[in-house]
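What follows is a short report on a single structure.
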Amino acid sequence: MKARKYNPHQIEQKWQNIWPKEWESYKLQPGEEKYYCLDMWSYPSSDGLHTGHWRPYTIADAWARYQTLKGKKVLHPVGFDAFGLPAENAAIKNKTHPADYTKTSIANFTRQLHELGAMYDWSTHSVSSSPDYYRWTQWLFLQLYNNDLAYRKSALVNWCPKDQTVLANEQVIGGRCERCGTEVNKKELKQWFFKITDFAEDLLNFDGLTWPERVKTLQRAWIGKSEGAEIDFPITESNEKIKVFTTRPDTLMGVTYLVLAPEHPFVKLITSESQKNIVTAYQEQALKESEIERLTENRKKTGVFTGAYAKHPLTDKDIPIWVADYVLGTYGTGAVMGVPAHDSRDFIFARDYKLPIAYVISPPEGVVNDDAPYLEPGTMINSDDFNDQTNEAGGKAIVEALEKKGSGKWTVQYRLRDWLVSRQRYWGAPIPIIYCEKCGEQAVPESDLPVLLPTDVEFMPTGGSPLDRHPTFKHTSCPNCGGSATRETDTLDTFVDSSWYFLRYTDPKNDKEPFSKEQVEKWLPVDFYVGGVEHAILHLLYARFVTKALQRLNYVSFHEPFKQFYGNGIVYLHGSKMSKSKGNIVNPDDIVKRHGTDALRGYILFMGPGDQDVEWQENGILGVRRFMDKSWQIFHNVEIDSNNETVRPPIEKAYQAISDLLPHLYFNRCISTLMTAANELQDVRLNKHEAEILAIILSPFMPHLAEEVWSILGHSTSIFDAQWPVIEVAAEKTVIYAIQVNGKLRGTLEADREADESKIINESKRLLHAKSQLDENNIIKTIFVAGRIVNFVVK
């Protein structure tokens, strides 16, 4: 059969028109094995997707198609995270309404996602800015509110002066707004919070999850668990006590001063009249600085004396109370005990302000160097009844003494703070709360949801919510007494919308509830979730919290939303991350016009390991296109009428390699294997059985090409109605191990198939040590998968 010239555009358009757009795949039938494959919700913009965005979508689709071929019923849904600041700011810039801007953006994204050729089920389609969706986001808020997991309080918050809105701690990167890069300052406002801190300990546990170590490390660091003691220092001439958390109770007898953060509520309460002006001016100056600046190690630490004193809880000695910018109100209790002899920051501060330095732990040699703090273990000195003990034993004895006096206790603290969800912008879900002078704070009845976002709003940011200025939205009646009342005019952080969307996908047409428990139990947890690691302490943390909260409230039975998270690497261009705002992108529309969708998909998968950063190389796609032209020729040199079921070595080898590599998500090596096979099969006349095997193992990566050749081979059904081939391949005497460090490929090792585990691990260490890629002293654990992987988890 003579091959016509390969025309990717014609073939791809043909199959994109044939493939179903909607097939209600969420309707799992009895006996079907489910598989939930999900890529992160798209945030649409009118500029559209760039090739960096295509990477996670291509990975997810290749994986979803492979699972389909393995006989699974795959749910691969699609939707849009359409509320939020980027859409609102773009609408202001383009002098249009956010709803119109969003509609245009979604249409553009939808076109591009269709061109991607992904097996999305558009019957699951959801949009966060649609009342059909945000009705249930408001429902979620009410469940948390009604169960004491949402509350309102006055707080000093992060304020972006450009976007004119509050930011959660997680949305401040290096002291700047993570959206626009403007330096963030502080502002006191009444705000809504979710009690994510109630779940801090649960969120530290990743047992049973297949997640990258770097993501788990980022979340654990953000949660910041510390074990230590909480100690009360009574304020002289006051009934109040300053609570201090310390991981070093052994140094209590060396406390020579206390420090409060400038934002600590006690500062105004305790400051003496003579120091009031000085302290107030200092507070104002300190709060203009970002937390990052205040914590910088080489920055001079400043402070002022409040004029007040506290009592040492064991000796009753007076201790001066200072306010200093190196203590933050968002960490611990917002107060620290100054132990300059045994803390580097305290030592510098005490030297600068001529405060006493009292050594209470001595080194083993017994000689104290008073020119520097002593930070190592040692023996207690100058500590009254606790002398001559090791500092570890002395610390325990000190806390026991504090407990007897009711002045302290062992405790655990977390760096994590409650999730601030109020936003003073227009384009978001209204918070469903009503305020009545008579009845107080009232939840909007569920039957009255959604609280609709009005379309006739002047949404230019002014520092307050635009909804507050709307002539009718704000005024309503109390659901309890029927009297005059006002609505909450802040909107919800858009991360609330994306904290539960994966649940809605399982029951997208339900207008009675956000999801049925039956549907959720069939599909969740998500089996495979693809997205950027940059969401580690934002979306991924919030989604875990909401799932755990819903489990506590008995809406779901599972406590984690995503079994496996695959963090895709970033695509760089000219050494920088692709960015629309910087004009540093490659437009996939241009690539598709020149080479076709499958060529772009193939190159994206071929560029490098999917979880590692890569540099876009324009000439790289040409090699993939040449491979596709070769493959087209190979599939047109087939004995269609042949009943021969022998399989040539190149196809056996490719089948075996891809069957081994693909379950471990080595997409780049799969493409490389297919390229090698194509070179070896030039001018070879395949039998039909061989061609079918080759088409199937190609299909997850280049589905349009595979569908076309499948039809050429005489099939009237889709290639994805077929099954992954099962052929007997003679076992190789050797096997290739992927050698990884923290899940990243660092090399390969060819070893005897029968070699034992210890030998393989030792050989792997030697290999990486020779490349200076492994320090054995840093290994936390070693993961060994026989015949496949050695992964060293390091600090």
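The values are calculated or read from the model by the stated rules, or taken from the named source; none is laboratory data. Everything quoted here is computed from the prediction, not taken from an experiment. Cβ coordinates were reconstructed from backbone atoms using ideal geometry, including for glycine residues, and neighbour counts include every protein chain displayed. Ligands, DNA and RNA are excluded from the accessible area calculation, which covers all protein heavy atoms including side chains. Shrake-Rupley method; radii C 1.70, N 1.55, O 1.52, S 1.80 Å.
For region 1-27, filtering for residues that are open to solvent by less than 30 Å² (accessible area, probe 1.4 Å) and part of a loop (DSSP other than H, G, I, E, B) leaves 4.
Scan region 528-549 and give yes if some residue there is within 25 Å of Leu28 (Cα to Cα) and open to solvent by 20 Å² or more (accessible area, probe 1.4 Å), otherwise no. There is no residue in region 528-549 that is within 25 Å of Leu28 (Cα to Cα) and open to solvent by 20 Å² or more (accessible area, probe 1.4 Å). In summary, helices (runs of 4 or more DSSP H) completely within region 566-660 and bearing 3 or more residues that are surrounded by fewer than 20 Cβ atoms within 10 Å (Cβ to Cβ) occur at 588-595, 620-635. Quick check: is even one residue across region 34-43 open to solvent by 30 Å² or more (accessible area, probe 1.4 Å) and farther than 21 Å from Val520 by Cα? Among the residues of region 34-43, at least one is open to solvent by 30 Å² or more (accessible area, probe 1.4 Å) and farther than 21 Å from Val520 by Cα, which makes the answer yes. Checking Asp250, Asp318 one by one, the residue that is of a type in the set (Asp, Glu), touching a residue at least 40 places away in the same chain (Cβ under 8 Å), crowded, with 17+ Cβ neighbours inside 10 Å and under 24 Å from Tyr359 (Cα atoms) is Asp250 and no other. Residues that are open to solvent by 10 Å² or more (accessible area, probe 1.4 Å) and touching an Asp or Glu at 6+ places or on another chain (Cβ under 7 Å) within region 136-151 comprise just one, Trp139.
Kindly indicate the residue of region 725-771 that is of a type in the set (A, V, I, L, M) and touching a Ser or Thr at 6+ places or on another chain (Cβ under 8 Å) and also farthest from Leu69 (Cα to Cα) among those meeting that condition. Checking each candidate, the answer is Ile761. Taken over region 265-289, the criterion of being surrounded by 12 or more Cβ atoms within 10 Å (Cβ to Cβ), not in a helix (DSSP H, G or I) and not β-branched (Val, Ile, Thr) is satisfied by Pro265, Ser272, Leu287, Glu289. Restricting the first member to region 202-213 and to residues that are of a type in the set (A, V, I, L, M), and the second to residues that are open to solvent by 40 Å² or more (accessible area, probe 1.4 Å) and assigned to a helix (DSSP H, G or I), the beta-carbon pairs closer than 6 Å and six or more apart or on different chains are Leu204/Arg220. Beta carbons closer than 6 Å, at least 6 apart along the sequence or on distinct chains, pair a first residue in region 532-543 that is in contact (Cβ under 8 Å) with a residue 24 or more places away in the chain with a second that is of a type in the set (Ser, Thr, Tyr) for His539/Ser498; Tyr542/Ser499; Ala543/Ser499. At least 3 residues being in contact (Cβ under 8 Å) with a residue 40 or more places away in the chain and of a type outside the set (Gly, Ala, Ser) is the threshold, and among the strands (runs of 3 or more DSSP E) wholly inside region 405-516 those reaching it are 408-414, 433-436. Taken together, Tyr566, Tyr555 contain a single residue that is hydroxyl-bearing (Ser, Thr, Tyr) and under 27 Å from Thr51 (Cα atoms), which is Tyr566.
Taking region 677-795 and the helices (runs of 4 or more DSSP H) fully enclosed by it, the elements with 2 or more residues that are more than 25 Å from Leu600 (Cβ to Cβ) and open to solvent by 20 Å² or more (accessible area, probe 1.4 Å) are at 688-698, 757-770. Taking the listed residues Gly181, Gly208, Gly174, the one that is surrounded by fewer than 16 Cβ atoms within 10 Å (Cβ to Cβ) and touching an Asp or Glu at 6+ places or on another chain (Cβ under 8 Å) is Gly208, with no other qualifying.
Contact map, region 339-360: first residue in contact (Cβ under 8 Å) with a residue 24 or more places away in the chain, second residue open to solvent by 50 Å² or more (accessible area, probe 1.4 Å) and part of a helix (DSSP H, G or I), Cβ cut-off under 8 Å, separation 6 or more or different chains; pairs are Pro340/Arg351; Ile357/Arg351.
Please tell me if Lys216 is closer than 30 Å to Gln389 by Cβ, surrounded by 14 or more Cβ atoms within 10 Å (Cβ to Cβ) and of a type in the set (D, E, K, R). Considered against the rule, which asks whether it is closer than 30 Å to Gln389 by Cβ, surrounded by 14 or more Cβ atoms within 10 Å (Cβ to Cβ) and of a type in the set (D, E, K, R), Lys216 comes out as no.
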